[in-house]
Amino acid sequence: MNAMRDLVAVLLALCAAVALALWAPATWTRDHLVDRDGFLEIARPLGANPQFQQDVSDAAVEGVLEQAKVPRPLAALIEPTIQDQAAKLTQSASFATIWSDSMGDLHTTLMDPAGGTVTADLNPYVDELVTPVGDLIGQDIDIPDADLLTLDIVTIPASPWPSRVTALASTAPWIGWAGIAAAVASLVLARRRGVIGAVLGAALLVAGGALLLGSQGIGMAIPGSIDDARIVGTLVQAFEARLGRDMVVPSVTLLGSGALALVAALGAMGVRSARRREGAEA
């Protein structure tokens, strides 16, 4: 019976370490992946990405030249002007709108198990692009088919991962408290609390180390095809960096708690052993 109590206490200590190690990632996942505002907090600043700006600029210029009702010789003459204007407008409010809307659509698509294609609407951008050029040549540039003025950012395949990410995020409100409760229960239930305290401390040390190493090295688990992908690669790298920074404090907290618990348990075991020796000698 006593052995069974200690076995259950060990299992509770191990469960406590796992739960506490998952607490911070689950909360981070909820706040920065599942939550739209948290996702955009990291994604929006990436509108300064030069490659994305160039992609949008090129697509806008191609769309204008393809659809503008101007003679071919004139189109060749105005192309450099359109390109120059496009480069300037990457700093405009319209460009910021395109990026913000696209990132909102990307979040929706990423969290949809069915996947889909994220497309940027270039019309606000093109409106500002063609007006100065039309003023320059003294002729309005008509864009008849607005639906063609789009840029496919990325296609997200169907995947079970959105459901798994949502499931992990859903544990954020309770998994940490469950871990604390399991840790306390393991010590209360244990017959040899010093030993179980040492097991709990060691488990927390391992959990903290695993969380630190995993969060800092998560980029190694991301396929190179994603890291190198247009726009999405830059986005993924930004989330990797943010995760690595945000997990430092929880990791160190776990490591410190584990070390403290281990030292306290070993100290208690040492004191108890000394008392036993004194009692035996007496």
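Here, each number is a calculation from the coordinates, and none is a lab measurement. Owing to the predicted nature of the structure, the values given are computational and were not obtained by experimental measurement. Glycine also receives a Cβ, built like all others from the backbone with ideal geometry; neighbour counts cover every protein chain displayed.
Structure data summary
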{"read-out": "Gain in span if fully extended, Asn123 to Arg245, counting 0.36 nm per residue against the direct Cα distance", "value": "40.2 nm"}
{"read-out": "Where labels lie 7 Å past Cα in the beta-carbon direction, separation of Met269 and Leu213 in nm", "value": "2.3 nm"}
{"read-out": "Förster radius 22 Å - calculated FRET efficiency between Ser170 and Ala259, Cβ distance, rounded to 0.05", "value": "0.10"}
{"read-out": "Amide H partners (placed H, <5 Å) of Ala120, local residues excluded", "value": "Leu151, Asp152, Ile153"}
{"read-out": "Backbone HN-Hα couplings from phi across region 237-251 [Karplus 6.51/-1.76/1.60, Hz, Gly and Pro as x]", "value": "5, 5, 5, 4, 5, 5, 4, x, 5, 6, 8, 5, 5, x, 5"}
{"read-out": "Gain in span if fully extended, Trp177 to Ser100, counting 0.36 nm per residue against the direct Cα distance", "value": "24.1 nm"}
{"read-out": "Thr108 versus Glu41: modelled label distance in nm, points set 7 Å from Cα along the beta carbon direction", "value": "2.3 nm"}
{"read-out": "Hz values of 3J(HN,Hα) by residue in region 104-112 - Karplus curve (6.51, -1.76, 1.60), Gly and Pro given as x", "value": "x, 5, 5, 4, 4, 6, 4, 8, 9"}
{"read-out": "Rough spin-label spacing in nm, given labels placed 7 Å along Cα→Cβ, for Ala48 and Gln91", "value": "1.2 nm"}
